[in-house]
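Reviewing the structure listed below.
The values are calculated or read from the model by the stated rules, or taken from the named source; none is laboratory data. Note that the structure is predicted; figures quoted are calculated from it, not measured. All Cβ positions, glycine included, derive from the backbone under ideal geometry; neighbour counts span all protein chains shown. Accessible surface is based on the protein model in full, side chains and every heavy atom, while ligands, DNA and RNA are left aside. Shrake-Rupley method; radii C 1.70, N 1.55, O 1.52, S 1.80 Å.
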Amino acid sequence: MSTHSSRLAARLMVAPSVALLLVWMIVPLAMTLYYSFRLYRLISPDRTGWTGFTNYVWFFQSPDFWLAMGNTLVLVGGVLVITVTLGILIALLIDQPIKGQGVLRILVIAPFFVMPPVAASILENLFMHPQNGLFAAVSMALGYEPILFLQDYPMSSVIGIVSWEWLPFATLILLTSLQSLSSEQLEAAEMDGAGAFSRLRYIILPHMTRAITVVILIQTIFLLGIFGEIFTTTQGGPGSASTTLPYMIFKQAIAAKDIGRAAAGGIIAVILANIVAYFLMRGLGRNLDN
Amino acid sequence: MGKIELTKVRKSFGEVDVIPGIDLIIEDGEFVVFVGPSGCGKSTLLRLIAGLEDTTSGTIEIDGKDATNLPPAKRGLAMVFQSYALYPHMTVRKNIAFPLKMAGMDQAEQDKRVERAAKVLNLSNYLDRRPGQLSGGQRQRVAIGRAIVREPAAFLFDEPLSNLDAALRVGMRQEISELHQSLKTTMIYVTHDQVEAMTMADKIVVLNAGRIEQVGAPLELYNFPRNLFVAGFIGSPRMNFIEGAEAAKHNAQTIGIRPEHIAVGDGPWEGVVGLSEHLGSDSFLKVAVDGIGTLTVRAPGEVHAHHGDRIRLAPAGKIHRFDANGLAL
Ligand SMILES: Nc1ncnc2c1ncn2[C@@H]1O[C@H](COP(=O)(O)OP(=O)(O)O)[C@@H](O)[C@H]1O
Ligand SMILES: [Mg+2]
């Protein structure tokens, strides 16, 4: 792949997909950008026109906006911490040679195949429900009042639900990485006097940094856009306590039917995602090259 | 100090008895080589001594103390793995210092020992590199460095040279021998290569299917193999075995004669040369001898015999005699 003609051929063959992807990305982005500067409300479709930064200003002055920004970051950060930590622990656990390992692994991966709104409903109704939920039953059995998860701890509940969904993904990637660690390295460390904790700290975790980085980057991309779980559970409430940026955009677009504002919110979300991506790549990017 | 004593050590993986029962004493300061064909249980035996596998039964004593149930770290042994098992994300310095760090040694003493080991092993210029940036021979040296800084009671090597090319292998072989001479620490060295065993060992342990066939000094095994297996395994090219009438003349079921103990020229045996290899220093001939079968002959210097020639051969050295059970007479 390094003669002149082969490089040219490679570029030519890649060109159509690059062009397609570019259009795919640029057209919606350009349209969003266009609408974000327009007055465009579905309730009053005749009144249209340029409004400058009004839509953006509305967002920045909205009392919910900074809360929503904060919630978005808390959601992403919380889920990352939970899934990576638990993912490592579960991966370590199911990497042990035990009977029924194959079945166990499939069970661990299974939640990932459940659609987000369904997953949220399952957790909301079967686990967190104050009357019918498992947690409520446990609380009452121990003589306590059931916890009103969605009402008293809305963000934590959403984080819990989303973590439940993404934990399998993290576990799977981390397990694969763990399995690629040579057992001789661990045995060498054992002979060198490293106990279980030192082996984890000095051999296993450094070996897994790449996989951990991949998990963090991929999950961040998806978590920034989490919507379905909030829609099916807290609806952003109580009040705006669990409103995130995507949910706020949804409220503008669907509830308030204000396309211009929703588009402005979309652009803000894109900028937020880029800022997050920039810091992530600066902090973790070097883990990816070998 | 590193005297190691195995008593009735047995190891089975499930149904399979990989090591049916071994008694062996390794004296302090000895260079002992475990040699045997692939899959005969050499690595398993070494790992039992290291503590990386549990014995099924029997006891392992190190320096007179029962170590059968001690974890690897407590046995005071250091191991060099076939794959080197270096820690890829650490520099050479950190790799070598790792066992010291785990022992909680202070930084100044760690540095001193690492520098000293690096000097002995010619690694001083590479201390800040990662293992991935080193050649095979250098990685090997780092693995040895990591073993020697701990000043263990004994070193365990599992086929440490098998990943190196032939020239490097000879060099490292000598370096390990020199290391043994200067450290005078017990070394147990596993290999399937009998040349390595012959050149390095004070004492060779020949293993076959998990059993010890013979224990002895290299030349002892060469001159007085106890059975057919040892006779065939030690020495290169392999000893010729002759059965039937020729063996009966010597009152044996089988007789063995080494290729270097057959002279080309006049003699009682006559045959046709099948294959001839001329190395300059030696000539190897495969001769189909009438009434006996194919014999390998190693003649010193240049011999003018080629494919298809008829030549005569004579025994010119010890003839080993074996009974019907394959034991030496
Ligand atoms: N962990 C294990 N489980 C089952 N069988 C094993 C295991 N380790 C080794 N064996 C078997 O034990 C025998 C000896 O293996 P090994 O000690 O590695 O041989 P060598 O090092 O002499 O080539 C082989 O037949 C191998 O298949
Ligand atoms: Mg082996």
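To the nearest 10 square angstrom, how much accessible area does B:ARG93 have with a 1.4 angstrom probe?
70 Å²
Can you give the accessible area of A:SER163, probe radius 1.4 Å, in Å² rounded to 10?
The value for A:SER163 is about 10 Å².
Tell me which DSSP H helices of chain A clear both cut-offs, 15 Å or more of axial length from alpha-carbon atoms and a mean Kyte-Doolittle hydropathy of at least 0.5. Can you show the working numbers first?
Working: long enough: A:4-36 (45 Å, 1.21); A:63-94 (46 Å, 2.02); A:154-179 (37 Å, 1.17); A:205-223 (25 Å, 1.55); A:259-284 (36 Å, 1.63).
Once both thresholds are applied, what remains is A:4-36, A:63-94, A:154-179, A:205-223, A:259-284.
Taking the Cα centre of chain A as origin, sum charge times position over the Cβ atoms of Lys and Arg (+1) and Asp and Glu (-1), and report the length of that vector in debye to the nearest 20.
For chain A, the charge dipole is close to 940 debye.
Take the alpha carbon gyration tensor of region A:53-288, find the square roots of its eigenvalues, order them as a ≥ b ≥ c, and report rounded if a/c is under 1.5; if not, report prolate when a/b exceeds b/c, else oblate.
Judged from the Cα gyration tensor, region A:53-288 comes out oblate (a/c at least 1.5, b/c at or above a/b).
Hey, got the dipole for region A:56-180? About the Cα centre, +1 on K and R Cβ, -1 on D and E Cβ, debye to the nearest 20?
So the magnitude is around 380 debye.
Counting other Cβ atoms within 10 Å of each Cβ, which GluC sites (Glu not before Pro) in region B:5-47 have at most 12 and sit in a DSSP loop?
Those satisfying the criteria are B:GLU15.
When chain B is treated as a GNM, springs tying every alpha-carbon pair under 10 Å, which of B:PRO300, B:PRO160, B:PRO225 comes out with the largest mean-square fluctuation?
Top of the fluctuation ranking is B:PRO300.
Report, in degrees rounded to the nearest 10, the 0 to 90 angle that the Cα long axis of helix B:92-102 makes with the longest principal axis of chain B.
70 degrees
Explain nothing, just the number: dipole magnitude of the protein assembly as shown about its Cα centre with +1 on each Lys and Arg Cβ and -1 on each Asp and Glu Cβ, in debye rounded to the nearest 20. Before the final figure, lay out each step's value.
Numbers: 52 positive and 53 negative charges, 367 e Å.
It comes to approximately 1760 debye.
On a 0 to 90 degree scale, rounded to 10, what angle separates helix B:166-183 from the longest Cα axis of chain B?
Helix B:166-183 and the main axis of chain B meet at about 60 degrees.
Cross-link list B:LYS3/B:LYS74; B:LYS3/B:LYS203; B:LYS3/B:LYS184; B:LYS203/B:LYS286; B:LYS42/B:LYS101; B:LYS65/B:LYS112: which exceed 22 angstrom alpha carbon to alpha carbon?
Violating the 22 Å limit, Cα to Cα: B:LYS203/B:LYS286; B:LYS42/B:LYS101; B:LYS65/B:LYS112.
If a/c stays under 1.5 just call it rounded; otherwise compare a/b with b/c (prolate if a/b is bigger, oblate if not). Do that for region A:126-184, with a ≥ b ≥ c from the square roots of the Cα gyration tensor eigenvalues. Each step should come with its number before you reach the end.
Numbers: a/c = 4.24, a/b = 2.53, b/c = 1.68.
Here region A:126-184 falls in the prolate category.
At 1.4 Å probe size, put A:LYS251, B:LYS65, A:LYS257, B:LYS42 in order of accessible surface, largest to smallest.
Heavy-atom accessible area, descending, gives B:LYS65, A:LYS257, A:LYS251, B:LYS42.
GluC sites (Glu not before Pro), restricted to region B:247-329: which are DSSP loop and have at most 13 other Cβ atoms within 10 Å?
B:GLU302
Taking each pair of different alpha-carbon atoms in the protein assembly as shown once, compute 1/r for the pair, average those values, and report the inverse of that mean as the Kirkwood hydrodynamic radius in Å to one decimal.
Radius from the Kirkwood sum: 31.1 Å.
Output the 0 to 90 degree angle, nearest 10, between the alpha-carbon long axis of helix B:107-120 and the longest principal axis computed from the alpha carbons of chain B.
The angle comes out near 20 degrees.
Using only helices, what value at 222 nm comes out for the protein assembly as shown when you add -39,500 (n - 2.57) per DSSP H run of length 4 or more and divide by the total residues, to the nearest 500 deg cm²/dmol?
Estimated from H runs of four or more residues: -14500 deg cm²/dmol.
Kirkwood hydrodynamic radius of chain B from all distinct Cα pairs, in Å?
22.1 Å
Which is the longest stretch in chain A that no exposed loop site breaks, taking sites as chymotrypsin sites (Phe, Trp or Tyr not before Pro) with a DSSP loop state and at most 16 other Cβ atoms within 10 Å?
A:54-143
Compute the separation of the alpha-carbon centres of region B:67-130 and region B:194-272 and state it in Å as a whole number.
Here the two parts' Cα centres lie 41 Å apart.
So what is Rg over Rh here for region A:65-162, counting just Cα atoms and using Kirkwood for Rh?
Values: Rg = 16.2 Å, Rh = 15.6 Å.
That ratio equals 1.04.
With springs only between Cα atoms under 10 Å apart, run a GNM on chain A and tell me which of A:THR243, A:THR171, A:THR232 wobbles the most.
Between A:THR243, A:THR171, A:THR232, it is A:THR232 that shows the largest mean-square fluctuation.
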